Amino acid sequence: MGTARPISAVVLFTILMTGVGCSQRRYQVVELPNDTVVALTAMDVARIMYAAGFSYEQIYEQGAGLRNALALQGASRVKKDGHTIAIFAVKANAVYVSSRLTGSFIYDMDKRKIK
């Protein structure tokens, strides 16, 4: 009976960690080819993603992937459970965003503002 508790704790810990991994895999940042690329700051990424309807946790988890996709390819699609929830594309000095949650907008890189 003394060993049942540690085994139960290990099983519970494993279940919890598996659940955390599943929730992180639900979101996926997919690079898309584009003619223009941009190196965004962390603040730029946070502003854009927040305006697109992402939570702080989602920004924390997916922000680096989005930043890298826009820096390397110039466009990105964020998918949740296999469905596209937002598209980001760079053109000139702006990031064009289309989100299922908040609609479409343009992030002006020169003014660091959403149009």
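Results for (1) free of Cβ contacts under 8 Å to residues at least 12 places away in the same chain; (2) surrounded by 15 or more Cβ atoms within 10 Å (Cβ to Cβ); (3) over 16 Å from residue 44 (Cβ atoms), shown as yes or no for each residue.
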{"position": "61", "(1), (2), (3)": "no, yes, yes"}
{"position": "65", "(1), (2), (3)": "no, yes, no"}
{"position": "82", "(1), (2), (3)": "yes, no, yes"}
{"position": "101", "(1), (2), (3)": "no, no, yes"}
{"position": "108", "(1), (2), (3)": "no, no, no"}
{"position": "112", "(1), (2), (3)": "no, no, no"}
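For (1) in contact with a Gly (Cβ under 6 Å, 6 or more places away or on another chain); (2) at pLDDT below 95; (3) farther than 18 Å from residue 30 by Cα; (4) of a type in the set (Gly, Ala, Ser), each residue gets a yes or a no:
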| position | (1), (2), (3), (4) |
| --- | --- |
| 79 | no, yes, no, no |
| 83 | no, yes, no, no |
| 87 | no, no, no, no |
| 92 | no, yes, yes, yes |
| 95 | no, no, no, no |
| 98 | no, no, no, yes |
| 105 | no, no, yes, no |
| 111 | no, yes, yes, no |
| 114 | no, yes, yes, no |
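If a residue must be of a type in the set (Lys, Arg), assigned to a loop (DSSP other than H, G, I, E, B) and under 18 Å from residue 55 (Cβ atoms), how many such residues does segment 72-115 contain? The number of residues fulfilling the criteria is 1.
Within segment 52-85, the set of residues being touching a Lys or Arg at 6+ places or on another chain (Cβ under 7 Å) and of a type outside the set (Val, Ile, Thr) comprises 80, 81. For segment 28-43, a residue qualifies if it is among the charged types (D, E, K, R) and farther than 11 Å from residue 71 by Cβ, and exactly one does: 35. Test residue 70 against the stated conditions and say whether it is under 20 Å from residue 27 (Cβ atoms) and surrounded by 13 or more Cβ atoms within 10 Å (Cβ to Cβ). It is true that residue 70 is under 20 Å from residue 27 (Cβ atoms) and surrounded by 13 or more Cβ atoms within 10 Å (Cβ to Cβ).
The values are calculated or read from the model by the stated rules, or taken from the named source; none is laboratory data. Only a predicted model underlies this, so the values are computations on that prediction, with no experimental measurement involved. Glycine gets a Cβ as well: all are built from the backbone with ideal geometry, and neighbour counts include every protein chain shown.
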